[in-house]
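Asker: Next up is a structure, given as structure tokens.
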Amino acid sequence: MQAYDVIIAGARVAGSTLAYELSKSGYSVLLLDKATFPSDTLSTHNFLTHGMAMLEEMGVLDSLLASGTPTYSRAVIQFDDAVIDGQFPEVKGRHDCLCIRRTVLDDVLFRHASNLPRVSTLEGFRVTGLLWEGGAVAGVEGVTRAGERMKFPAKLVVGADGRNSAVRKLAGAETLISVPTDFASYIGYYENYRQEGEIHTELYKVGDKLGIVFPTGDGLHVVGIMFPLADEYWMSRFRQAPGEAMSEIVLDSFQSTAIGGRLPKASLHGHVKGLLGYDNDWHRGMGEGWALVGDALSFKDPAVGQGMPDAMLSARFLAGVLNRYEGRWEGHWDAMSEAYQKQTEEAMMSRFRMACQFTKNVPFTPEEHYVNGLIAANPDATAAFLGIYNHAVEPEQFQGHVMRLIEQNR
């Protein structure tokens, strides 16, 4: 039975990125997934400019762009009456953003990983347990779609298997932060959704409702609507007829926005899918013989669009920590865990906190309304605000912009 340096359970964004990073360093990798590709999954699947730079560095961007999915660089964000309209700042020479369907994205990433040196892949394999040796994880066991039970040993098992990670549960990873959402989220794809002017992404927060729109492939736009779980009327309508309810809630609650005029003229393509009662979670990322990347490590509200780029970042950080010890990991798990935790929190925690604010049904205060208006009226502040989303500006830096704006307008 072949033993691997690393087994990665989950071969989508985080898992395929980690396989790429580990292959570069000469590790033997087994990349597993319970799906067979191409395969869809519920997602807003958006890469802003910093994510585009990472895709380019991996060598997969050209293949993704060959799908014909349009790129964009403009965002229009409406917070009640304040409309923030601008361009995402450049990151590493990239000005463009991409919202690419998971049937294309994950297939390209998986095929890319499959062709890398020292990377073996296995589709249609579900992890059902971990192998243990001396108190440390030492491999996985599971079952193929044909019912064949198999075991694979490894020095390290990585859970890249999403927000309901089996590896995380089997390893007993500690949950460090858990902030339940107040919102139900429903997502659908629409044909003939017509925007005015330059193609762009849209985000709305109007009262207690949220809306997001991204241009994607096949001439479609992906539209997400969020409303409070406590809203019995809309919960009932979406359970009964989610496609009709999407149109109704936009007409009812987003009349003052562009989506209010655009969605009723568009046609639903396929079915509306929902995500109810999810938590914004942050977990312990590493232990003896195991680690977590992507949504298995930290799942956050999709409204902030950070999931996939953060999945790539966490994979890079984990590979860097593993490289630091050059494969001699036994006896160093605590030090590696501490280093990995520190790096991921420094890079990703501020936007996780931002998602935790989005996920709570809290109306804007008068002070926040005032600041939103100042940002909307100032191009530099707009660029800095959008820069938070694509990691061109840190949230702490943006606070400095806000303080200067307030001082200038007193």
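No lab work stands behind these numbers, since they all come straight from the coordinates. No experiment lies behind these values; they were computed from the predicted model shown. Backbone-built Cβ (ideal geometry, glycine too); neighbour counts: all protein chains shown.
Asker: Can you give the extra length, in nm with one decimal, that the chain gains between Trp132 and Arg324 once fully stretched, where that is 0.36 nm per residue apart less the Cα-Cα distance? Before the final figure, lay out the partial values.
Answerer: Numbers: separation 192, 0.36 × 192 = 69.12 nm, distance 2.44 nm.
Gain on extension, Trp132 to Arg324, equals 66.7 nm.
Asker: Angle check, please: helix 307-324 long axis (alpha carbons) against the longest principal axis of the chain (alpha carbons), in degrees 0 to 90, nearest 10.
Answerer: Long axis of 307-324 versus the principal axis of the chain: about 30 degrees.
Asker: Would you calculate a helix-derived [θ] at 222 nm for the chain, using -39,500 (n - 2.57) for each DSSP H run of n ≥ 4 and dividing by the full residue count, to the nearest 500? Don't skip to the answer; put the middle values down first.
Answerer: Working: 13 runs with 153 residues, N = 410.
Using -39500 (n - 2.57) per qualifying helix, the result is -11500 deg cm²/dmol.
Asker: For the chain, take the longest principal axis of its alpha carbons; what is the angle in degrees between that and the long axis of helix 395-408, to the nearest 10 within 0 to 90?
Answerer: Orientation of helix 395-408: about 20 degrees from the principal axis.
Asker: Looking only at Cα atoms, what is the convex hull volume of the chain per residue, in Å³?
Answerer: Values: hull volume 58.4 nm³, N = 410.
Output value, Cα hull per residue: 142 Å³.
Asker: Here is a further query. Take the alpha-carbon centre of the stretch 354-410, take the same for the stretch 89-108, and report the distance between them in whole Å.
Answerer: Cα centroid to Cα centroid, the span is 25 Å.
Asker: Report the label-to-label distance for Ser114 and Ser267 in nanometres (one decimal), using points 7 Å from each Cα along the Cα→Cβ vector.
Answerer: With each label placed 7 Å out from Cα toward Cβ, I get 3.4 nm.
Asker: Okay, next question. Contour minus end-to-end for Val362 and Ala3, with contour as 0.36 nm per residue of separation and end-to-end as the Cα-Cα distance? Intermediate values should be presented prior to the final figure.
Answerer: Numbers: separation 359, 0.36 × 359 = 129.24 nm, distance 5.09 nm.
Roughly 124.1 nm would be gained on extension.
Asker: So for the stretch 182-276, Kirkwood radius off the Cα pairs, Stokes-Einstein at 4 °C and 1.567 mPa s: how many µm² s⁻¹?
Answerer: On the way: Rh = 13.2 Å.
Rounded to a whole number, D works out at 98 µm²/s.
Asker: Right, next: Just to verify a number: FRET efficiency for Asn192 and Ser247, C-beta to C-beta distance, R0 = 22 Å, to 0.05?
Answerer: Efficiency, from the Cβ-Cβ distance: 0.95.
Asker: Kindly flag which residue pairs out of Lys205/Lys300; Lys209/Lys342; Lys169/Lys273; Lys205/Lys273; Lys205/Lys342 have an alpha-carbon separation exceeding 29 Å in this structure. Write out the running numbers ahead of the final one.
Answerer: Numbers: Lys205/Lys300 17 Å; Lys209/Lys342 35 Å; Lys169/Lys273 26 Å; Lys205/Lys273 20 Å; Lys205/Lys342 32 Å.
Correct reply: Lys209/Lys342; Lys205/Lys342.
Asker: What is the angle, in °, between the Cα long axis of helix 102-114 and the longest principal axis of the Cα atoms in the chain? Nearest 10 is fine, range 0 to 90.
Answerer: Once rounded, the angle reads 30 degrees.
Asker: Moving to a separate point now. Measure out, as a whole number of angstrom, how far apart the alpha-carbon centroids of the stretch 119-180 and the stretch 24-73 sit.
Answerer: 22 Å
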